[in-house]
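Written below as structure tokens is the structure these notes are about.
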Amino acid sequence: PGSIIIPYFSEHLFGKEFFTRYNLGVIEKPRRIIEDPLTRKQGNVISIEFPMGFANKGETSEETARRELSEETNAFIEKITYLGSINPLPAYYAVQKSNEVFAAEIDQAKLEEITGRGLSKKAQKEVIVNARYVSIYEVRDLITSGKIFCGLTQSAFAKFICHFSLFK
């Protein structure tokens, strides 16, 4: 089983809570795919997705999510929230374990501190080429334009939106 974690921080614009802007952390890494949804070509493309990974032996889903976030983005978690499960192949539900989805509120002050350090050696080893924060509206636009084509990232985004009751 794997875990997906959505790192985020929120900003209250104009000091009012109803003007909250959410910024979500995404990573970019090359993936070999059968067909690029935009160009219809086969081969390597840069995939934009949320940090995710498989559990190490004896590791809980939350421990996996925390480790993957640390390895892939260097982010410091203030609060973690379980959002639910995603089963990418429901036809095989009896034999395939679900992927657990978490949202992690990030310490924004520490985020600014680590931004200048660049990617960790572990992230570089995993061939992550970039880690950045974008608004929820940018994530929505990246999904609708086909630039985010990872189904797990799309499903995790839906869980995030539903949990925080966004896009009212």
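The values are calculated or read from the model by the stated rules, or taken from the named source; none is laboratory data. Values in this document were obtained by computation on a predicted structure and should not be read as measured data. Cβ sites come from the backbone with ideal geometry, for glycine too, and all protein chains shown count toward neighbours. Heavy atoms of the whole protein, side chains included, go into the accessibility calculation; ligands, DNA and RNA do not. Shrake-Rupley method; radii C 1.70, N 1.55, O 1.52, S 1.80 Å.
All but one of (1) closer than 21 Å to PHE157 by Cβ; (2) at pLDDT 70 or above; (3) outside any strand (DSSP E or B) hold for PRO37; which doesn't?
Unmet condition: (2).
Any idea how many residues of region 52-66 are open to solvent by 50 Å² or more (accessible area, probe 1.4 Å) and assigned to a helix (DSSP H, G or I)? Quick ask: steps written out before the conclusion?
Of region 52-66, the ones open to solvent by 50 Å² or more (accessible area, probe 1.4 Å) are 54, 56-58, 60, 62-63, 66.
In the following step, the residues that additionally are assigned to a helix (DSSP H, G or I) were identified as 62-63, 66.
Total satisfying the criteria: 3.
Are any residues in region 14-34 at pLDDT below 75, surrounded by 11 or more Cβ atoms within 10 Å (Cβ to Cβ) and under 24 Å from ALA103 (Cβ atoms), and if so, which ones?
Within region 14-34, THR20 is the sole residue that qualifies.
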